[in-house]
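Since the structure comes first, as structure tokens, the remarks are kept for the end.
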Amino acid sequence: MINRLYLSILWMLFACLAWGQNQTVSGYVRNAQTGETLIGASVFVEGSTKGTYTNEYGFYSLSLEAGTYRITASYIGYRNATTGVDLTTGNQKVDFDLNEEGTQIEEVVVTATEQDRNVRDLQMSVKQLDISTIDKLPKLLGETDVIRSLILLPGVTTVGEGAAGFNVRGGSIDQNLVILDEAPVYNSSHLFGLFSVFNPDAVKAVKLYKGGIPARYGGRLSSILDVRMREGNYKDFEAQGGVGTIFSRLAIEAPIVKDKASFLVAGRRSYIDVLAAPFLSDDLGDTELNFYDLTLKTNYKVGDKDQLFLSGYLGRDVFGFDTQAGFNWGNQTATLRWNHIFGDRLFSNLTTCYSNYDYELAFGDDDTFDWNARIINYSAKPEFSFFITPESILRFGGQAIYYEFQPANAFSRNAGDEIDFSLDKQFALESSVFIEHELNLPDRWKFNYGLRLSHFAYLGGRRVYEYGDTQPGQEKPLIGVTEVPKGETVEDWMNLEPRFSLQYQIDESSSLKASYMRTAQYIHLLSNTTASVPVDIWTPSTNNIDPQIANQVALGYFRNFAENVYEFSVETYYKTYDNLIDYIDGADLLLNEFVEGQVLSGTGRAYGMEFSLEKSSGRFSGWVNYTLARTERLVDGINNDEWYPSRFDQTHNLNLTGFYELSKRATLTATFTYNSGTPLTLPSSGYYQQGLFIPNIDNNARNNFRIPDYHRLDVSLTLARNPDKPKKRLEGEWVFGVYNLYGRRNAFSIYGSQQDERLPMGGTADPEAIRFAVLGSIVPSISYNFKFK
């Protein structure tokens, strides 16, 4: 077999060198009704094994020997389209417009890809969901949510309800790169994690990389969440939206120039404060409790080889309890992209991005305190895809990101005097180049190998602190302060990040896959709370904080049964971390000019197995996902220099999701979730002094207890239009749901307390453990969604 493998590689290299002797058919695959491109559509030559998939912009390119062929384009939920192509006279451009299947809804409930693609595809540890799949899941308060759907996947968890973001294979939330049309989103949650910032009416597709991350992605250790927005309808005016228990939404899209330019505008606004206003007392009459977001996108086809895209996002959460106290936070992003095709095989994309995450905190009337902070970045990213042959794709490019960190612009005013608590701004420049090659060999093998070279420079323009050595686990002493001019490099790092994936096709219904990746992360979120909160601080790597590094290997077995109706997979992974960030006991991270002295560095490890079984068609469909995993850390001076579980460690994670089509109009959905309790640090002993209980943590243990296990059942019923009746211009559906059906009071955290009242002579204050739950009761909901054409 080894000799055959060498011969296959030599054959492929010869084919790559001889690519100029072939002809090319290339083009786009689109939705015939809207004109939007389809991501990941299959384009193949009938009667052969030659084929490819469309990229993130719906483009494909097939290099074939001169001749005549029958080319077919397919996408789940759409009717196939086939056309004849004559390549004897030269290269050809062929676009495909696919029509939706219409009534065959049950075939697209679980997955947006072909039913055997999980076996045939090279990628592992990757999940792609389209919005129609996400929309079928049970909803909190009747609202479709991107992030909550991801938590149902194996290897993806959260520390509890009300926790912002998500955790992947034991990583912290800042180890996930979340991008919306390639612009980074630094806080992906509304309402402290109950909803995500992504409006479902504006989302086209969602792709999560948990491992085997290609070399074109970088900057985070654990995962990449790539959210792609819809372009807008190129054919006709269309409006859609919904009215729910918590918020309402509306999206409008239409052609600017038919088949050439379009736009999409989508907005949401919650109205808790509006509904509560009649019941509030006069002193709370100015209360604001809401969130809103606005998503926009437009594009223009300059010609057959050029297209421009402009997209943006603006979102904010507002919590104001009267005119004297308020708290708000939000994201703003903007993305400008230019697609150009050189010849018929070289596809290029140039992306420029702007991203700004900020929060503000203010209270007081005459005597006031105001604090705001933000992280801003500007990015340029050229990428190229060279379609050498159907079996060989070469990708290369680079990226440059300029960061500005504003950890605190803080002022207090008292009796006319102003005190400035502001912290110096921080500046950094991150740059990278990459190259990767995807290669499909004739003898059942597929490879993707690449290399990413990243560089990070911590820049001046502020005071730079130097700390000395101390006992492990203790705050480091300040030994020097230097003023460094703006633009001068204080410290820089360079890292090679190799990536490798392979797949071996055992037979038509099963395959083995493996991957390795090395990743580097240069910016960090400082947080020592139970879950991340909006006021947590982003910081770059500095002369006192090294970049975090991770290495992950994964191995998986994939098999389909019963003519691809059932899909089974099992993956195992092992990940190591270097320079992980932790903190001394009692660290003070907010408004602390010397916070770097309280940051510790350690190592970590995460390992586990992920099992998945899906039924992808029929009146009853769904999946069972189970993860067995551990995540541990080792930091000098913490936990007696022994390994301890991280805050995100969950040994068992089980998700059951089922869809049952009661009729052509009604679909019943249920989801059951079970998670092991996450670790936390609590006193294990104590003593009384003057009647008060003084707690003590034996042996200075870290994360020595766990909160109770988490479990919850959600159900929903969707009543859509009857597909047997003629379509109307205005169509709608009702969604009835119950979140937490049996009223489980799942603990978010546990903390200790003792009575506040004055103690009687000789009395003692009895301590108690208090169990805090964010949502501890049944939450019913009803919402109405509509579409107008």
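Restricting region 685-704 to residues that are free of Cβ contacts under 8 Å to residues at least 12 places away in the same chain and part of a strand (DSSP E or B) leaves a set whose member that is least open to solvent (accessible area, probe 1.4 Å) is ILE694.
Kindly indicate whether LEU682 is in contact with a Phe, Trp or Tyr (Cβ under 8 Å, 6 or more places away or on another chain) and surrounded by 14 or more Cβ atoms within 10 Å (Cβ to Cβ). Against the criterion (in contact with a Phe, Trp or Tyr (Cβ under 8 Å, 6 or more places away or on another chain) and surrounded by 14 or more Cβ atoms within 10 Å (Cβ to Cβ)), LEU682 qualifies.
With the condition kept exactly as written, say whether any residue in region 343-356 is surrounded by 20 or more Cβ atoms within 10 Å (Cβ to Cβ), touching a residue at least 60 places away in the same chain (Cβ under 8 Å) and outside any strand (DSSP E or B). For region 343-356, residues surrounded by 20 or more Cβ atoms within 10 Å (Cβ to Cβ), touching a residue at least 60 places away in the same chain (Cβ under 8 Å) and outside any strand (DSSP E or B): present. Out of the residues in region 554-570 that are of a type in the set (Gly, Ala, Ser) and in a strand (DSSP E or B), which is farthest from GLU497 (Cα to Cα)? In this case the residue turns out to be SER569. Listed by position, the strands (runs of 3 or more DSSP E) enclosed by region 187-268 that each have at least 3 residues that are crowded, with 21+ Cβ neighbours inside 10 Å and not polar (S, T, N, Q) are 203-209, 223-229, 247-257.
Scanning region 540-553 for residues that are outside any loop (DSSP other than H, G, I, E, B) and open to solvent by 10 Å² or more (accessible area, probe 1.4 Å) turns up ILE549, ASN551, VAL553. Residues that are more than 22 Å from TYR557 (Cα to Cα) and part of a loop (DSSP other than H, G, I, E, B) within region 503-539 comprise TYR522, SER527, ASN528, THR529, THR530, ALA531, SER532, VAL533, PRO534, VAL535, ASP536, listed in sequence order. Suppose we keep only residues that are modelled with pLDDT of 85 or more, open to solvent by less than 80 Å² (accessible area, probe 1.4 Å) and part of a strand (DSSP E or B) within region 763-781. Which one would you say is farthest from TYR710 (Cα to Cα)? Per the stated criteria, the residue is SER781. In region 712-730, the residues that are at pLDDT below 90 reach residues that are among the polar types (S, T, N, Q) and not in a strand (DSSP E or B) with C-beta atoms within less than 6 angstrom, at least six apart or across chains, in these pairs: PRO723/THR103. Residue count for region 602-646 under the criterion of being open to solvent by 40 Å² or more (accessible area, probe 1.4 Å), of a type outside the set (S, T, N, Q) and not in a strand (DSSP E or B): the result is 5. Kindly provide the set of residues from region 151-162 that are buried (at least 23 other Cβ atoms within 10 Å of the Cβ), at negative phi and outside any strand (DSSP E or B), ordered by number. Once the filter is applied, which keeps residues that are buried (at least 23 other Cβ atoms within 10 Å of the Cβ), at negative phi and outside any strand (DSSP E or B), region 151-162 yields PRO154, THR158, VAL159. The residues of region 454-487 that are closer than 30 Å to SER431 by Cα and among the acidic types (Asp, Glu), listed by number, are GLU466, GLU483. The criterion of being on the phi < 0 side of the Ramachandran plot and open to solvent by less than 60 Å² (accessible area, probe 1.4 Å) does not hold for TYR300. If you go through region 167-186 and pick out every residue that is assigned to a loop (DSSP other than H, G, I, E, B) and over 22 Å from ILE750 (Cβ atoms), you end up with 6.
The values are calculated or read from the model by the stated rules, or taken from the named source; none is laboratory data. This one's a predicted model, so the numbers in the text were calculated from it and none came from an experiment. No Cβ is skipped: glycine too gets one built from the backbone with ideal geometry, and neighbour counts run over all protein chains shown. Keep in mind that these areas ignore ligands, DNA and RNA; they rest on the heavy atoms of the full protein, side chains included. Shrake-Rupley method; radii C 1.70, N 1.55, O 1.52, S 1.80 Å.
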